[in-house]
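The values are calculated or read from the model by the stated rules, or taken from the named source; none is laboratory data. Being a predicted model, the structure only gives us computed values, none of them experimental. With ideal geometry, Cβ positions are generated from the backbone for all residues, glycine too; neighbour counts draw on all protein chains shown.
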Amino acid sequence: MLYVTITSFQYPASNKEILSNVNFKLEQGKQLAILGESGCGKSTLLHLIFGLLNLDNGEIYYGKQQLFGPSHNLIPGHDFMKLVSQDLDLMPFTSVAENVGEHLSRIDTSEDTKKIDEVLSVVGLLPFKNRKVNTLSGGQKQRVALAKALANEPKVLLMDEPFSSIDAFLKNKLRRELYRYLQQHQITCITATHDADEALAFSDRLLVLKEGQILQIGPPENVYAAATSVYEKGFYGEVSIIPAGILAANELNLLPHELKISEEQTPLQVTVTASYFKGRSYLIACNWNTITLFFEHSEKIQNGSQVYLSLAKAN
């Protein structure tokens, strides 16, 4: 079990508080996604857990072992934990396999080769095992760094925007393979991301972070359902802000699927300005007074058309 209690954190010689009252626990083998915009403190949180930064106001434990920062350790970090950061720690002029196996014991080379092949299969790079790293694309290098972390069989894996450079058509398969591998090997994982699709689909718990504070934490389904603010809902799609007294007594922040065309007149008569094809449906942009709103519709709507909108019933 990983226990994180951060009362506050700010960098030395800075008066700006980066994290405040960030408290959670994570069971072994569970996956936590940290969802937040750039600069909200996601990377700092990972660095504190990994031991790259000193935490003076708070405590971090793995089981009964308290985890400390660089002032307590000759070499920052923890043997049972791996961090895949945005700064890839790779040897460019050696092979993919040599990079992945860099920190293996080398006592049993056949077992090392088996492990290297296993993790390269997880990230889809087994055919590239003999290629020099400097010949790979940015996304491939990111996958090598991930395989390198997995090869050491960590108890805890920390990942900072691990799929940011990976092509979209490969990303989902890689996520599925990695998630399956982590569950199979009971590896606890914390992923910092601003990708809501990734956070919702490939985590057991979701933590939404804003300006260094937790807005929501819990099962992804619960966190998604509880989202009310523009900040939270903005991760999941375009947000329409409906003033109080129009469709409800209070102000509403709605995603496109939460609005629909009404056959009856409503206080929300809008003028269509654009239709964006999204595959299974269209995202319709429209104007209401000076406010831009968005809703989903099964068909394209002619620009300039006027329609009435109402709340869509929850499924």
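Restricting attention to segment 273-283, does a residue exist that is among the aliphatic types (A, V, I, L, M) and crowded, with 19+ Cβ neighbours inside 10 Å? Explain how you work it out, then say what you get.
Pass one, segment 273-283, residues among the aliphatic types (A, V, I, L, M): 274, 283.
Restricting the remaining residues to those that are crowded, with 19+ Cβ neighbours inside 10 Å gives none.
Scanning segment 273-283 turns up no residue that is among the aliphatic types (A, V, I, L, M) and crowded, with 19+ Cβ neighbours inside 10 Å.
Kindly establish whether Asp87 is surrounded by fewer than 16 Cβ atoms within 10 Å (Cβ to Cβ), in a loop (DSSP other than H, G, I, E, B) and either among the charged types (D, E, K, R) or in contact with a strand residue (DSSP E or B) (Cβ under 8 Å, 6 or more places away or on another chain) (or both). I'd like the intermediate steps shown before the answer.
Numbers: surrounded by fewer than 16 Cβ atoms within 10 Å (Cβ to Cβ): yes; in a loop (DSSP other than H, G, I, E, B): yes; either among the charged types (D, E, K, R) or in contact with a strand residue (DSSP E or B) (Cβ under 8 Å, 6 or more places away or on another chain) (or both): yes.
So Asp87 passes the test.
Limited to segment 263-315, what total is found for residues that are in a loop (DSSP other than H, G, I, E, B) and closer than 14 Å to Leu247 by Cα? Can you show your working first?
The first filter runs over segment 263-315 and keeps only residues in a loop (DSSP other than H, G, I, E, B), leaving 263-268, 278-281, 289-290, 298-305, 312-315.
Keeping just the survivors that are closer than 14 Å to Leu247 by Cα gives 264-268, 312-313.
Here the count works out to 7.
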Only one of (1) in contact (Cβ under 8 Å) with a residue 60 or more places away in the chain; (2) of a type outside the set (D, E, K, R); (3) buried (at least 17 other Cβ atoms within 10 Å of the Cβ) does not apply to Trp288, and that is (1)
Exactly one of Leu67, Leu74, Leu104 is over 25 Å from the mean Cα position of the chain (by Cα), over 26 Å from Lys132 (Cβ atoms), in the same structural domain as Ile187 (by TED's automatic domain parsing) and of a type outside the set (Asp, Glu), and that residue is Leu74
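Listed here are the residues, each with its yes/no results for (1) at pLDDT below 95; (2) in contact with a helix residue (DSSP H, G or I) (Cβ under 6 Å, 6 or more places away or on another chain); (3) within 27 Å of Leu207 (Cα to Cα).
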residue	(1), (2), (3)
Thr44	no, no, yes
Asn73	yes, no, no
Met91	yes, yes, no
Asp108	yes, no, no
Checking the structure you have, find out if any residue of segment 180-189 is surrounded by fewer than 18 Cβ atoms within 10 Å (Cβ to Cβ), of a type in the set (S, T, N, Q) and free of Cβ contacts under 8 Å to residues at least 24 places away in the same chain. yes
Practice item. Might you let me know whether segment 146-163 holds any residue that is of a type in the set (Gly, Ala, Ser), closer than 24 Å to Asp195 by Cα and assigned by TED's automatic domain parsing to the domain that holds Gln31? Key: yes
The residue that is modelled with the highest pLDDT, considering only those in segment 142-170 that are surrounded by 18 or more Cβ atoms within 10 Å (Cβ to Cβ) and of a type in the set (D, E, K, R), is Lys155
